[in-house]
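Bear in mind that the values in this text are calculations on the coordinates, not laboratory data. Here the structure is a predicted model, which is why all the values come from computation and not from measurement. Here the Cβ is made from the backbone with ideal geometry for all residues, glycine too, and neighbour counts use every protein chain on show.
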Amino acid sequence: MVEQAAGRDRDAPFEGLFESPSPMSAPDQGPFQPIPEMLAHWARVQPDRPALVCDGVTVPWAAFDRDVSRIANALIAMGFGRGDKAAVLAPPSIAYAELFFGILRAGGCVVPLSTMASPQQLEGMIADSDSRVFFLGAGMRDLAAPFADRLDGLLPGGRIAIDFDAEGWQPFAAWRDAAPDSDPQVEIRPEDHFNIIYSSGTTGVPKGILHSHALRWFLIRRFEAMGYNPEAVSLVSTPFYSNTTLVAFIPTLAQGGCAVIMGKFDAARFLALAQAHRVTHAMLVPVQYERLLVHPDFAKADLSSFRMKLSTSAPLRMETKRRIAAEWPGGMVEVYGLTEGGGSCMLDVVAHPDKLHTVGQPGFGTELKIIDDQGNELPRGQTGELVGRSFTMMSGYYRQPDKTREMLWYDKDGRAFFRSGDMGRMDEDGFVTLLDRKKDMIISGGFNVYAADLEAVLSRHPEVADVAVIGIPSVEWGETPLALVVRKPGAGIEAEALRAWANGQLGKPQRIAAVEFREELPRSSIGKVLKKDLRQPYWAEVEAARAAAASG
């Protein structure tokens, strides 16, 4: 299964493209230990303690570890070998959690597929990742139906139904339970492939972000400082195909804690589960925090067991951070970073109430710089693109070495940093203010306008619940800012009054051309506002005119 691509081994297509800091050299982290070995350890020392809870079912550590081994052995018996890939398309569940770690124990690499992708994209991801086995959940059968019968790269018997019966599919439970429950003892090295996460994309096959076991191991050690240990009870309420989920879910189990899994987020159920299971940790996205804080059960729920809450995927509003710090027991950390790794920041919300407009300081093992359009490093206080390097850098975009090279920026010493595509600035204390995706920056009359600055002002209005600012075509300025606003229930402010209020606090080049009200803003499954979708209607006529001119 080795073929040459751009002169490189198919199984290690990015080796030598850049010199990243080795996680093995991270200070005070101890020797590398594969995650499947860590799970086996906890099964031995606490066999009867709960490892997984989902939909009223509790799986103790000994049973969890046995099922992980059964899955690993069942895969190996099919001809699944070290480095092989296995794709999973399903909502979070106990079976999914066991599958995830069973694939790893077999020496394989997990390919968690987005339940929000199109059938065409999903088929492309499975082919692009070289997946040999495909696990499918019942609720995703319609998504998989257009392509499931033409996945030629799978092993014989490689279509496995997690929770349904159908011709041509092996039933998961019977397949798993027919295998021995002994650990197959497959050697796992730090550089081995751990997972491929496909980045979001609206057309074509997204890029596959390849992570190593070393990267995941380092993140486990990094999260120890936030109380991930055998006493941790982590409430998992985001999809397994998102790195947002994995950065907290994996440390929970690797450190001997318990993961309470929600197949789908619901604010009332989240609060009930948190109280019932005395939850200590949660990784949420901003839209989930917003829904929880306004839910009538929030004030009544006993959340005193919480030690730490984390937020990532999109900036959290300042007022939301203040409310969490004041009304929700335990610590609160906002995390900024890329699925690709490189630059990351952390903001301790409780410790730094005067820095809530930022996403914090560079995390442990991270070096962050700001560069201009020409690639020159900028001093603190100036705005540019964030680039970073750290102990957690992806191995590369799978099978796309050219895309990996495009992401790299080299400093004067020849060290590789990852380009984030995010615009921001760093203050004298090292705190980073995040502004915009570079591609979302509004250029109005020759001035760079950052939507985040405008959104921050509008968010301070007492009648604004949610807001997104986009650039729309302007004959006079090229493009101009438009504010799309969701008002709070019962709010009566008019669009022109809100525009005037905001513009009174903004510089002349930043002034908003118009305000439009919306019932809600379109968001991805992990809460990111889909600005491309918001811009499309306004730019469709311009794009059509450009296309017509180009065709002559």
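For the chain, with only Lys/Arg (+1) and Asp/Glu (-1) charged at the beta-carbon, what is the dipole magnitude about the Cα centre, in debye rounded to 20?
I would put it at about 480 debye.
Give me the one-decimal nm value for the distance between modelled label points at residue 167 and residue 297, 7 Å along each residue's Cα-to-Cβ direction.
4.4 nm
Among 85/309; 264/321; 403/531; 207/355, which pairs are too far apart, with a Cα-Cα distance over 26 Å? The partial results should precede the final answer.
Values: 85/309 32 Å; 264/321 24 Å; 403/531 23 Å; 207/355 34 Å.
From 85/309; 264/321; 403/531; 207/355, over 26 Å: 85/309; 207/355.
For the ranges 422-429, 82-89, what's the packing order if you count other beta-carbon atoms within 10 Å of each residue, average per peptide, and put the highest first?
With the highest mean Cβ count within 10 Å placed first, the list reads 82-89, 422-429.
I need the phi-derived Karplus couplings for region 322-331: 6.51 cos²θ - 1.76 cosθ + 1.60, θ = phi - 60°, integer Hz, Gly and Pro marked x.
So the Karplus estimates, Gly and Pro as x, are 4, 5, 4, 4, 7, 10, 10, x, x, x Hz.
Would you list which lysines come within 20 Å of residue 412, measuring only between C-alpha atoms, while excluding same-chain residues fewer than 8 positions from it?
369
Expressed as a whole percent, how much of the Cα-Cα distance distribution for region 33-258 exceeds 21 Å?
Percentage above 21 Å: 52.
Per DSSP H run of n ≥ 4, the term is -39500 (n - 2.57); total these for the chain, divide by its residue number, and report the mean residue ellipticity at 222 nm rounded to 500 deg cm²/dmol.
Working: 15 runs with 156 residues, N = 552.
Value at 222 nm, helices only: -8500 deg cm²/dmol.
Which shape class applies to region 274-314: rounded if a/c is under 1.5, otherwise prolate when a/b exceeds b/c and oblate if not, where a ≥ b ≥ c are the square roots of the Cα gyration tensor eigenvalues?
Note, shape of region 274-314 comes out oblate.
Add +1 for every Lys or Arg and -1 for every Asp or Glu among the other residues with Cβ under 12 Å from the Cβ of residue 226, and state the total.
Computed value for this residue: +2.
If the only charges are +1 at each Lys and Arg Cβ and -1 at each Asp and Glu Cβ, what is the size of the charge dipole of region 108-191 around the Cα centre, to the nearest 20 debye?
Roughly 100 debye, rounded to the nearest 20.
Can you give the % of DSSP beta bridges in the chain that are antiparallel, to the nearest 5?
In the chain, approximately 60 percent of DSSP beta bridges are antiparallel ones.
Output the relative contact order of region 33-258, whole-number percent, from Cα pairs under 8 angstrom with separation of 6+ residues.
The normalised contact order for region 33-258 reaches 22 percent.
What is the packing order of peptides 97-104, 183-190, 256-263, taking the mean over residues of other C-beta atoms within 10 Å and listing the highest first?
Those peptides, ordered most packed to least, come out 97-104, 256-263, 183-190.
What is the gain in length, in nm to one decimal, between residue 367 and residue 460 on full extension, counting 0.36 nm per residue of separation less the C-alpha to C-alpha distance? Let's see the in-between values first.
Numbers: separation 93, 0.36 × 93 = 33.48 nm, distance 3.22 nm.
Extending this stretch completely gives an extra 30.3 nm.
For a Förster distance of 60 Å, can you work out the FRET efficiency between the beta-carbons of residue 352 and residue 118, rounded to the nearest 0.05?
Calculated value: 0.90.
For the pair residue 533 and residue 305, what calculated FRET efficiency results from E = 1/(1 + (r/R0)^6), where r is the Cβ-Cβ distance and R0 = 35 Å, to the nearest 0.05?
Computed FRET efficiency for residue 305 and residue 533: 0.35.
Put +1 on the Cβ of every Lys and Arg and -1 on every Asp and Glu Cβ in the chain; which of 381, 75, 96 then has its Cα farthest towards the positive end of the dipole?
381
Along the positive direction of the dipole of the chain (beta-carbon charges: Lys, Arg +1; Asp, Glu -1; about the Cα centre), which of 180, 452, 537 reaches farthest?
452
Run the paramagnetic zone check for residue 428: 7 angstrom along Cα to Cβ, then residues of region 373-404 with backbone nitrogen under 13 Å.
Of the residues in region 373-404, 380-381 have backbone N under 13 Å from the label point off residue 428.
What is the local net charge at residue 154, summed over the other residues whose Cβ is closer than 13 Å to its Cβ (Lys, Arg +1; Asp, Glu -1)?
-1
Could you compute the FRET efficiency for residue 443 and residue 377, with r as their C-beta to C-beta distance and R0 at 22 Å, rounded to 0.05?
Efficiency, rounded to the nearest 0.05: 0.45.
So for the chain, averaging the separation of alpha carbon pairs under 8 Å that are six or more residues apart and normalising by length, what relative contact order in percent results?
The value is 11 percent.
If you count the DSSP beta bridges with both ends in region 33-258, what percent of them are antiparallel, to the nearest 5?
Of those bridges, close to 35 percent are antiparallel.
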